[in-house]
Structures are given as C-alpha cells and as structure tokens.
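Below is one structure, written out as structure tokens, with a few remarks after it.
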Amino acid sequence: TNPLVEDKVRAMSLARRPHFHFAPARNWMNDPNGLIYYKGIYHLFFQYNPEGDQWGNMSWGHATSKNLFEWEEHPVAIPYTPTHGIFSGSAVVDYFNTTGFGSLENPAMVAIFTDHQHDGLRQSQSLAYSTDNGMTWQRYENNPVLDLEMKDFRDPKVVWNTTNEAWVMSVVKPHDFTVAFYQSQDLKSWELLSEFTNKNGTDGVWECPDLFPLPVNKNPAEIKWVLLVSVNPGGVTGGSGTQYFIGDWDGKVFTADDRTTRWLDYGRDNYAGVTFNDAPDNRRIYLGWMNNWEYAKEIPANPSRGSMTIPRELSLVTINGTITLMQNPIKEISETKISDQRFTITPTDGKSGIRFT
C-alpha cells in the first residue's frame, strides 16, 4: 500500500467519523457484540468486515472507552477463518475461573459467539478467551460448546445469573420465533432450561436476545425481568426493529406478563442492541446498531459504513398502571464536550420522551 494514500484515507476518516456515535475507522460494521465493563474500561466488540465496506468476512472488531463516547479502536479481536464467520455473541469475565482459562488472580475474559459455516448449513456456539484484558484472543480447542446441528441457531447472550448461581445463555432459533435458555457451570457444557416463543407476534426472524432484571420505579424490592429480542423484517416502521417483553424469571422459565409486542423505540435505526455486562452501580446500559437492514448496504461509506446508537440507560417505570421500559441517553453525554458543542440531558418523566436542550 502507498503510505501517502493511507495517510489521506486516515485523515478523511477522522474528519467524517461521528463524534457522538462509535464508528470504525473504515469498512463495514453491524451488530454490537461482547459488551462488557472491566477494570474501569468499557469494551465494545462488533460485527466487522476487515476487508471491505459491505457485509462479509464476519469478525469481531474491538474498541474501548472510559466514558462511552471517546473510543479507541483496536486491531480485530477474533478474525474469521477459512471455514467460519464469527457471528454475534457476548463476553463475560470469569472471576471464579470456572473455565480454567485464567486464574483467580488474573481471570480470563471469555467470548461466547456463533460460529457460522461459510456454506450457510450450520451455526453453533463457540468460545474464545483472553488473559490480557481483551487485547488478544485464543479460540477454545474443543469448540463448539453448543451445537444442535441447526442451520439457524445464533446470538448467545451469556451472564452470571445470581438466581441460578450459574452461567445462563439466551440464544435464538430465529425462524421459530424462539429464545432458548441454557445453563452451565463452566461455559463449556450446557443444559437446556426452557424456551420462550411468541409465534403469533410480529413477522420476521428473531435475533440478539438479552434477558436481565430491573427494579420497578427504582424500588429494589420489586424486580421484573426484561427480554429484548430484535426482529427483522417486521419492525414497527419497516425492516429492522427491537421488541421487548416484561415478566418473571424463576431460574428456569421466563414467564411474560403478556405477549403484547412492545417496541424499544419507534425509529428506523436501532437494531441488534444488547446491554453491557458488569456495568458499574448496577446500571443497565444499552447499545444498538444505528442502521436498518432495508438499506444498510446502500448508505455512504466514507470509508466506514455503519455506526452505533448513543448508549442509553434502561429503567422500568409504571405509567398509567402499566410497567414500561424507559430509556434515556446516559448521563455521561452531559459531561462530554466536543469542539464547541455541549449537550444537556433533561430526563423523561415517563410521558414526554427524550429531550436535548
């Protein structure tokens, strides 16, 4: 490559990159993956094509931040192989060394992702691990760890679930409109707990599930569980969208309060979002892909194509007797000044929506 050309491309990229939305320096990006907070750093992994500005060669890109707005991009974390793409998934810190990949003194960061055969005939769940705070990764030699020999079976979101005192995975069977829940003590061997479906709901395949608890009206004595599911097509305004269900989790079964389809928001550009594991102060911080599959490949590349939403903090509030999932831009946006611009956040009262002043 010509160094002068590379310098020019780099300068153009920096000038055109969004200031309040993460975007890579170049090439294609879609779903956020492996969102996790560790040792004062937020880690964002993401679906990435290291070789071009259209979807393909799916790998995990990587960026880190101390404040969720100023991001440092790193080399590709988990690259595709000659036989498999690295599809969406999640990351955990194995503090108790259940996998044996690290130690109690230096716990491993473990990525749980979908191995997608390039021929499109099988998807299974696999592991990679890092013992240097997410900077370099090693694939587990006995992958995959969960394989149903299915063509479509993807997007594992794994957390340490205190109800179960075990790792719990939420993973989708996309064309069955189903989220399957699995449990493991070591991230390697998984047993099926239950499945949740809503076959009479919206059209479109299900993707990128996330199950988590939240207090209602900030009352720690009243906890409900939220299940996020992205759907495409079939979004409320066409193409991609994110729905949610509110209910209860007993350590085995998620029971929705009702099967009404509720939308996380009503815009066209928020898909495949999930929440950060281990965010401080029990905050539930959400990040999505700011795009829509109806036109994602057509938006300009300059030289990157795709960006993330502004991070949002989720909460549950009661509005007119109904528990509702609310979202507001994270408070850090008010503390971030770029050039001569500063934003002030006026939190919603549950009725008026998000306001910037």
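The values are calculated or read from the model by the stated rules, or taken from the named source; none is laboratory data. Given the structure is predicted, the values throughout are model-derived calculations rather than measurements. Reconstructed Cβ throughout: ideal geometry from the backbone, glycine too, with neighbour counts over all protein chains shown. Surface accessibility is based on the protein's heavy atoms, side chains included, excluding ligands, DNA and RNA. Shrake-Rupley method; radii C 1.70, N 1.55, O 1.52, S 1.80 Å.
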Rel. contact order, % - alpha carbon contacts under 8 angstrom, at least six apart, the chain: 13
Amide H to amide H, which residues 5 or more places from Gly234 or on other chains are under 5 Å from it, using H placed in the peptide plane? Gly239
Per-pair calculated FRET efficiency, R0 = 41 Å: Lys252 and Trp55 via Cβ, rounded to 0.05: 0.65
If you build a Gaussian network model of the chain, linking Cα atoms that sit under 10 Å apart, which residue out of Lys173, Lys39, Lys331 swings the most? Lys39
Where a ≥ b ≥ c are root eigenvalues of the Cα gyration tensor, a/c under 1.5 meaning rounded, otherwise prolate if a/b exceeds b/c and oblate otherwise, the range 148-289 counts as oblate
Measuring with a 1.4 Å probe in the full set of protein chains, what accessible area per residue, in whole Å², belongs to the range 34-80? 38
Going down the table (Lys173/Lys252; Lys66/Lys331; Lys157/Lys224; Lys157/Lys188; Lys157/Lys297; Lys39/Lys331), which pairs top 22 Å between alpha carbons? Lys157/Lys297
Each residue of the range 223-229 in order: what ³J(HN,Hα) in whole Hz does its phi give by Karplus 6.51 cos²θ - 1.76 cosθ + 1.60, θ = phi - 60°, with x for Gly and Pro? 10, 10, 10, 10, 10, 8, 9
Report the gain in length on full extension from Asp147 to Asp186: 0.36 nm times residue separation, minus Cα-Cα distance, nm rounded to one decimal. 12.4 nm
In a Gaussian network model of the chain with springs linking alpha carbons closer than 10 Å, the residue among Asp31, Asp115, Asp186 that fluctuates most is Asp186
Rule-of-thumb check for the chain: C-alpha Rg over 2.2 N^0.38 Å? 0.95
Amide hydrogen neighbours beyond the local backbone of Gly288, cut-off 5 Å, H modeled: Thr309
Quick one: which residues, 5+ away or cross-chain, put their amide H under 5 Å from the amide H of Phe177? H built at 1.01 Å from N. Trp206
J(HN,Hα) series, the range 134-150, from Karplus relation 6.51 cos²θ - 1.76 cosθ + 1.60, nearest Hz, glycine and proline x: x, 7, 9, 9, 10, 6, 5, 5, 9, 4, x, 9, 8, 9, 9, 6, 9
